[in-house]
Amino acid sequence: MLKSISLVILSFSLLATANAVANPLALFVEQCLQYKPDLSNLQQDTLSSSAHNAVEFEKQTLALNNINDRIQYYRPFATDSLSKQGLLWCQLHLADELYELTTNSQTHQLIDSLQHQSAPYNQLAERLERVEQTQWKLTEKSKLHSAQATVNQALSERKLNMQFNDDQCLLKTQPVVDENNQQVSTNIDIHIAKYLLKQPKAQCRQQAWFAYQLRAKSKLQAAIAYIHELQQKRAIEQGYQNAAELALKPYELTPSMLNRFLDTQTDSIDIAPWDIAQALFLTQKTAPIEPVSSHDYLSQLFEQLMPLGIRSEYIAQQNSKSDVLEQENTANNEQKDNINIIRIWHQQRLLGEIYTYPLSQQFSQQQSQSKSTFSVNSQLIKQTVIGHQFGQYALSFPATLTTQKQQQKLIASLSQAIVSLAQGGQFYLLAHKTQNKQQHSIATLWLSNYLSQLQQFASSSQREQLVMKYQRQMRVFRSKVTLNYFQYSGNLDDNNWLTYNTELSAAFRDSFGQSWPNATDAIYSYQAIANEGISYYLPLWQQAVAQLIINQSTSRHSSQEIFNLLIVNEEYLPFNDQLEQLIGPPIDPHSLIWRFKHARTAQE
């Protein structure tokens with residue numbers, strides 16, 4: 001393994017030397033693979049120098065965090081296999097460095113010395129301890145990632161053939177002739193969605209949908225079982241009965257409490273997944289809107305942020321040659337003249353900068369054909385850390401917004417950028433959305449709602465409403481499946497796992513009106529069960545909490561006060577303290593679940 005890593009570093013070193021100007025990504029990868037944090041400057045007298053050591057720790061580890069963010073930023077522009085491999089090795093290298101960092105005796109001493117300090121130092125100690133607890137042993141982590149890659153690859157396969165044992169389920173299509181010049185009836189070339197739309201027989205649609213859910217079962221069955229085994233083993237080693245208990249501990253939830261919460265989010269649409277295509281076809285389409293310049297729309301949004309204390313300052317258009325942006329300019333040369341930099345201020349404090357990329361109409365259409373993102377995307381470049389660095393965020397969008405969905409996507413992306421810039425704390429781990437997922441997501445949802453309420457949006461069409469309800473109920477059902485998967489402590493090969501069919505089939509019927517007799521097979525139908533794990537439910541919880549804040553905080557606080565309390569948070573209040581001030585007590589998980597059910601929450 002060490003020899004292979006050395007060879008990779010050498011190959012990228014040669015590539016970077018030869019192509020540093022033409023391909024800054026190669027230079028970035030070389031620098032990443034050579035990076036190693038140094039904690040030798042931390043003072044040994046921890047009682048009198050804990051604050052100093054916390055600042056020194058931040059200085060020495062900030063580069064690791066910045067490089068990790070840069071990997072995510074560069075990933076869409078790594079189009080060749082060598083660049084993709086380089087980013088992967090870079091990510092693995094950083095993961096190994098983080099493991100050594102969190103298991104370092106100096107880090108343990110720092111945690112011990114900060115635990116009894118005031119905020120934000122005690123919060124840093126708590127976050128460092130949580131990061132350490134989530135670290136896997138290197139050998140176990142390698143096994144887990146290998147199994148996850150197997151699942152991702154199997155479910156990402158798009159070259160599928162549909163074959164039917166029942167001729168009655170064949171559609172009347174153009175005849176296919178075999179090598180003997182004999183006519184063959186087949187539907188192997190038709191896409192599953194198109195088949196579900198055109199097939200008039202419900203039983204055939206149901207069989208096709210079930211078959212599609214199990215399309216990769218044989219390829220990933222061993223990997224899914226192995227991920228379950230690894231997660232259960234790790235939970236038991238840490239003193240928990242199952243992996244669900246361990247994963248929910250940071251959120252002060254138990255498996256039974258999560259199950260009750262998911263019940264509050266269950267609302268039957270009475271349409272089975274195999275019937276949704278035809279149901280959508282019969283609904284009213286979204287009405288067209290008058291196209292609007294993205295630049296003008298963005299300027300309007302910034303004006304609407306001014307009452308919250310947010311001020312924007314446009315910098316002249318750039319032909320940027322910075323190492324942050326040059327890779328994107330290399331990939332899209334025709335766009336490099338369109339880069340704008342917008343400085344973001346809160347009151348008199350500079351938060352950071354947003355780089356905007358209005359894409360040409362041709363490039364927007366290409367994006368729309370390859371991704372269902374409506375060509376509006378956002379990506380963190382660098383996290384705001386007070387006293388260390390200003391934040392940077394990137395927004396890309398079509399030059400003209402032609403749908404209401406694009407406008408809503410731009411609002412959501414801008415809200416995420418503003419929250420990332422404004423939530424900057426003294427320490428990276430207290431501000432970044434990965435380590436601060438709950439607070440960041442809820443704050444973004446609140447700000448998106450604030451801006452959306454100021455727009456003259458038409459009511460959602462029947463089609464949009466049905467799509468949102470369907471997607472929500474699919475997340476609810478799959479969250480129940482994931483919970484059962486991680487809560488089950490036996491072997492997936494045992495028949496005991498199949499006894500969950502009754503419970504999960506009922507859960508499927510509660511959301512879609514029809515049963516799935518072998519609902520335990522759902523674990524083989526979506527990647528999130530291997531990658532996100534138990535956290536798959538979190539968007540539902542975050543939306544419910546955000547809705548409580550939206551509905552119940554306006555009578556207590558102005559929008560500017562909510563923004564300062566929920567997003568800026570200069571006093572470093574823990575999230576529970578923020579929430580209690582916003583909506584009033586009680587705010588423990590049990591009480592919140594009761595409030596979700598009885599208050600005006602998202603499902604109403």
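Things worth noting here:
- Potential extension, Ala95-Gln560 segment - 0.36 nm per residue separation minus Cα distance: 163.5 nm
- Where GluC sites (Glu not before Pro) fall in DSSP loop in segment 119-161, at most 14 other Cβ within 10 Å: Glu157
- Heavy-atom accessible area for Glu290, with the other protein chains in place and a 1.4 Å probe, reaches approximately 150 Å².
- Taking 7 Å steps out from each Cα toward its Cβ at Lys198 and Gln241 produces label points 5.2 nm apart.
- Surface composition of the chain: carbon plus sulfur atoms contribute 49% of the solvent-accessible area (1.4 Å probe, protein chains only, all chains present).
- Of the trypsin sites (Lys or Arg not before Pro) found in segment 223-306, those in coil by DSSP whose Cβ has at most 15 other Cβ atoms within 10 Å are Lys285.
- Principal-axis tilt of helix 294-305 within the chain, Cα atoms, nearest 10 degrees: 60 degrees
- Pairs over the 21 Å Cα-Cα cut-off, from the set Lys159/Lys194; Lys36/Lys137; Lys233/Lys433: Lys233/Lys433.
- Solvent-accessible area per residue for segment 191-250 (1.4 angstrom probe, square angstrom): 52 Å²
- The calculated FRET efficiency for His590 paired with His108, based on their beta-carbon distance and R0 = 30 Å, is about 0.35.
- A simple spin-label model places pseudo-atoms 7 Å from Cα toward Cβ; at Trp345 and Ser118 they are separated by 3.0 nm.
- Efficiency of FRET from Cβ geometry, Gln304 and Asp38, R₀ 41 Å, rounded to 0.05: 0.35
- In this structure the amide hydrogen of Leu42, modeled in the peptide plane, comes within under 5 Å of no amide hydrogen from residues 5 or more places off or on another chain.
- Neighbour-limited loop hits for GluC sites (Glu not before Pro), segment 539-582 (at most 13 other Cβ within 10 Å; DSSP other than H, G, I, E, B): Glu570, Glu571
- Additional length obtainable on full extension of the chain from Tyr572 to Met468, 0.36 nm per residue less Cα span: 33.9 nm
- Violating pairs (Cα-Cα greater than 21 angstrom) within the set Lys219/Lys480; Lys143/Lys219; Lys198/Lys285: Lys219/Lys480
- Summed over qualifying helices (DSSP H, 4 residues or more, each -39500 (n - 2.57)) and divided by its residue number, the chain shows a 222 nm mean residue ellipticity of -17500 deg cm²/dmol.
- Kirkwood Rh in Å, taken over segment 529-604 so that all alpha-carbon pairs contribute: 13.4 Å
- The residues of segment 505-546 present an accessible area of 27 Å² per residue when probed at 1.4 Å with all protein chains retained.
The values are calculated or read from the model by the stated rules, or taken from the named source; none is laboratory data. Just so it is clear, the model here is predicted, and its values are computed rather than measured. Counting neighbours? That spans all protein chains shown, and the Cβs are built from the backbone with ideal geometry, glycine included. Areas reflect the complete protein model, heavy atoms only, side chains present, ligands, DNA and RNA absent. Shrake-Rupley method; radii C 1.70, N 1.55, O 1.52, S 1.80 Å.
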